[in-house]
1. Of Cys59, Gly13, Ile75, which is farthest along the charge dipole of region 6-179 in the positive direction, counting Lys and Arg as +1 and Asp and Glu as -1 at C-beta?
2. For n ≥ 4 DSSP H runs only, could you compute -39500 (n - 2.57) per run for the chain, divide by its residues and tell me the 222 nm figure to the nearest 500?
3. With respect to the cross-link table entries Lys272/Lys341; Lys114/Lys188; Lys28/Lys141; Lys19/Lys221; Lys28/Lys272; Lys142/Lys221, which display a Cα-Cα separation exceeding 23 Å?
4. What chymotrypsin sites (Phe, Trp or Tyr not before Pro) does region 243-285 have in DSSP loop regions with at most 16 other beta carbons within 10 Å?
5. For region 52-61, just list the computed ³J(HN,Hα) in residue order, Karplus coefficients 6.51, -1.76 and 1.60, θ = phi - 60°, integers in Hz, with x standing in for Gly and Pro.
6. Just Gly13, Gly56, Gly158 to compare: in a GNM of the chain, with alpha carbon springs under 10 Å, which one fluctuates most?
7. As an exercise, identify the GluC sites (Glu not before Pro) in region 288-380 lying in DSSP coil whose Cβ has no more than 16 other Cβ atoms within 10 Å.
8. Collect residues whose amide H, placed 1.01 Å from N in the peptide plane, falls under 5 Å from the amide H of Val230; neighbours closer than 5 in sequence don't count.
Amino acid sequence: MLEGKCIVLGVTGSIAAYKIANLASMLKKQHADVEVIMTKNATNFINPITFETLTGNKCLVDTFDRNFSFSVEHIAIAKKADLFLVAPASANVIAKMAHGIADDMLTTTILACKCPKIISPAMNTGMFENQIVQDNLKTLKKYGMQVIEPASGYLACGDSGAGKMPEPEVLLQYILREVAYEKDLAGKHLLVTAGPTREAIDPVRFISNHSTGRMGYAIAKMAMLRGADVTLVSGPVALEPPMFVKTVAVESAQEMYEAVMAEADDADIIIKSAAVADYAPAEVSQEKIKKAQGNAVIPLVRTKDILAALGEKKREDQFICGFAMETEHLLENAKAKREKKKVDMIVANSIRQSGAGFGGDTNVATLITGEGMRSLPLMSKEALAMEILDEAARGLHLR
């Protein structure tokens, strides 16, 4: 995701500095060019050699270091930087950045940078809550820098409260959101559904299916990385919701219908990837149904057809996509479904095809639109999500 991107990490004097080594490693695995600039105080917590080994670049500390190639080092890095993250950011360096003080390599370089800047404060709770620090953070925001709220918990000093730097995995997500992809979906609201629904029989039993939600969650994540404002309506799954995405948790088909309809009017793109139950028990027992002699019969009633309801009220400036999971006559059934539901696209896949279906990390699909069909090879669900979003962007004339 970050191939060809230059990410500058500014590391200041905080006990959390050691965690940035892990972040540097993660960024290299994403094929980023990683430059690390440390304050002198930061070198008391982690050795610059650690970063040099992980990144393959010289770790800069001294503004007047003569042991480098002939260039004004802080200007050279400022020019090539795609993003500058200061993490951990101490109260001292935050104050310097807020007031334009450039007295070391880190503060000089960030003042020269025109790229997006993200600040992750890390300090004692009392320091973080001090009004001076809070005013300095407000000043950084006023100048267009993004400030990550620190986590709360037990601090190295023994106090408990706000001031912990978020884990490297969280910092990575902030970086990816900012620079991983072109923001061609910026300003667009995308609504996506994911996972199964559960239709209660009694307090302990339900009717459901094998959907894991991975496809819908991949779509939500990739749309967010492309700049969309994303709402994810999710049935019960064992997945962590993507960061920066509004998630609405539901159980039943009726709950999903209500959640989708509440968001549909404001959505520019709607992608219905959830496996919604077609039928639900006609009556739900308030007590556990006891086992008895002989067979049992559960009367079922049709649930509301969410995709058809969306198609009926579809606007001209709206793109709606549904999914078709079939065991036979895949393309014929999927094409008929698109026309019947009055939507722009159907993503068709067969549960019988190797690499497709529920539970896996891959999928094999055919995209069916009014212009025809496009069959895609086996690919990751994130890659398929990008193909689906490309079609949606073309449908709205965004590319």
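Where a number appears in this text, it was derived from the coordinates with a stated rule and is not lab data. Only a predicted model underlies this, so the values are computations on that prediction, with no experimental measurement involved. Cβ: placed from backbone, ideal geometry, glycine included. Neighbour counts: every protein chain shown.
1. Result: Ile75, furthest along the dipole toward the positive end.
2. Calculated at 222 nm, the ellipticity per residue is -9500 deg cm²/dmol.
3. Lys114/Lys188; Lys28/Lys141; Lys19/Lys221; Lys28/Lys272; Lys142/Lys221
4. Sparse-neighbourhood loop chymotrypsin sites (Phe, Trp or Tyr not before Pro): Phe244.
5. 5, 5, 6, 9, x, 10, 5, 7, 8, 10
6. Among Gly13, Gly56, Gly158, the largest mean-square fluctuation in the Gaussian network model of the chain belongs to Gly158.
7. Answer in residue order: Glu316, Glu328, Glu371.
8. For Val230, the qualifying residues are Leu190, Lys246.
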